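**Student:** Dropping a structure here in structure tokens format, bear with me for questions.
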Amino acid sequence: MATVSVLWNGGRARTIRPPRTLITGFGKGMALGEPNDEVTHRAVLEQAVGMLRLEAPAEQSLSR
Amino acid sequence: MEIFEHANTWTEHFNSGWLNHLDTTGEIDWKQYQYVRNHSAINAPGLDPARARLLLVSTAGAYIRGQQPAFNAAAPRGDYSIRTFPVTTPFADLDYAHDHYDHAARQQDPRVNLPLNYLAEMVTRGNLGSMTESVVSFSGYHPDARSVVDEMVPEILQVAEKEQAQAALLVPV
């Protein structure tokens with residue numbers, strides 16, 4: 001099973017080394033972005049789901 | 001390939017340090033806590049998401065109000081149980097038990113933690129094959145990494161296998 005994680009902060013995750021991570025840089029409690037920011041939410045999810053294509057390990061930052 | 005390297009050493013340190021301090025004083029001392037550190041990453045091929053069935057895994061502590069027990073969010077050792085609920089569950093039917101994040105964003109817009117509508121859109125557009133019938137939910141405060149690996153992960157994998165998931169998206173808070 002291919003997995004991808006959307007993280008607001010990659011620092012702690014890097015020590016665990018999960019297969020695929022998308023670091024968004026938003027605050028804790030809103031890894032996908034500010035409430036009601038649908039454009040950003042969609043962008044985060046499209047990039048995260050797209051990362052499933054990548055061979056693991058893979059890490060990306062949110063590209064906007 | 002181990003998903004938790006040096007698990008026995010970590011567990012000994014956890015039991016004799018952080019957990020022993022909690023048991024003897026009733027207090028949490030993060031200075032005694034050692035985060036899991038893996039040196040090897042998992043090498044695995046990717047897949048085409050347009051042909052995959054995706055399982056959403058959320059750490060926000062969501063559960064169906066009145067139908068499922070709340071997570072024990074106040075437990076200093078954490079609650080390692082999971083809940084599942086249909087991806088079609090209205091947000092109005094959900095409640096949340098998680099004492100370790102600010103719920104303000106979620107209260108304004110629950111999609112920041114449970115982006116089910118966006119994933120459904122991706123299925124409609126053909127960017128994602130399908131969603132599993134259920135979401136996996138847990139309350140993401142888990143100091144005991146051993147219990148995560150030995151208790152939670154097998155339960156989540158059981159759901160994934162039953163619902164024939166080929167991919168999983170983890171959205172931590």
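Computed from the coordinates by the stated procedures, all read-outs in this text should not be read as laboratory data. All of these numbers come straight from a predicted model, not from anything done at the bench. A quick note on method: Cβ atoms are made from the backbone with ideal geometry, for glycine too, and the neighbour counts reach across all protein chains shown.
**Student:** Rounded, prolate or oblate, given the Cα gyration tensor of region B:13-78, with a/c below 1.5 counting as rounded?
**Tutor:** oblate
**Student:** Something else now. From the square roots a ≥ b ≥ c of the eigenvalues of the alpha-carbon gyration tensor of chain A, which class results: rounded (a/c under 1.5), prolate (a/b over b/c), or oblate?
**Tutor:** oblate
**Student:** Among B:Val173, B:Val36, A:Val4, B:Val149, which comes first, then next, by fewest other beta-carbon atoms within 10 Å?
**Tutor:** In increasing order of surrounding Cβ atoms, one gets B:Val149, B:Val36, B:Val173, A:Val4.
**Student:** Sticking with this structure for a sec: Give me A:Thr15, A:Thr40 sorted ascending by neighbouring Cβ count inside 10 Å, so fewest comes first.
**Tutor:** So the residues, fewest neighbours to most, are A:Thr15, A:Thr40.
**Student:** Something else: Tell me, what is the percent relative contact order of region B:49-171, built from C-alpha pairs under 8 Å that lie six or more residues apart?
**Tutor:** Dividing the mean separation by the residue count of region B:49-171 yields 48 percent.
**Student:** Say we join alpha carbon atoms closer than 10 Å with springs in a Gaussian network model of chain B; which of B:Leu22, B:Leu128, B:Leu116 then has the biggest fluctuation?
**Tutor:** Per the Cα network of chain B with a 10 Å cutoff, B:Leu22 tops the list.
**Student:** Taking beta carbons within 10 Å but only from partner chains, what does the mean come to for residues A:3-13?
**Tutor:** 4
**Student:** Test of understanding: in a Gaussian network model of chain A with alpha carbons linked when under 10 Å, which of A:Leu45, A:Leu32, A:Leu22 would top the mean-square fluctuation ranking?
**Tutor:** Of A:Leu45, A:Leu32, A:Leu22, the Gaussian network model singles out A:Leu45 as fluctuating most.
**Student:** Taking the Cα centre of chain B as the origin, how large is its charge dipole in debye, to the nearest 20, when only Lys and Arg (+1) and Asp and Glu (-1) carry charge on their Cβ atoms?
**Tutor:** For chain B, the charge dipole is close to 480 debye.
**Student:** For a Förster distance of 45 Å, can you work out the FRET efficiency between the beta-carbons of B:Glu27 and B:Glu133, rounded to the nearest 0.05?
**Tutor:** With a Förster radius of 45 Å, E is 0.60.
**Student:** Most fluctuating residue of B:Glu133, B:Glu163, B:Glu27 in a GNM of chain B with Cα springs under 10 Å: which is it?
**Tutor:** B:Glu27
**Student:** Based on the alpha-carbon gyration tensor of region B:1-160 and its eigenvalue square roots a ≥ b ≥ c, which shape applies: rounded if a/c is under 1.5, prolate if not and a/b is larger than b/c, or oblate?
**Tutor:** oblate
**Student:** May I pose another question? In peptide A:37-43, what is the residue-averaged number of other protein chain Cβ atoms found within 10 Å of each Cβ?
**Tutor:** Across the residues of A:37-43, the mean count of other-chain Cβ atoms within 10 Å is 3.
**Student:** Further question: Given charges of +1 on the Cβ of Lys and Arg and -1 on the Cβ of Asp and Glu, with all other atoms neutral, how large is the dipole of chain A about its Cα centre, in debye to the nearest 20?
**Tutor:** About 280 debye.
**Student:** Just checking the output field for B:117-129: average partner chain Cβ neighbours within 10 Å of each residue's Cβ?
**Tutor:** Mean number of neighbouring Cβ atoms from other chains: 2.
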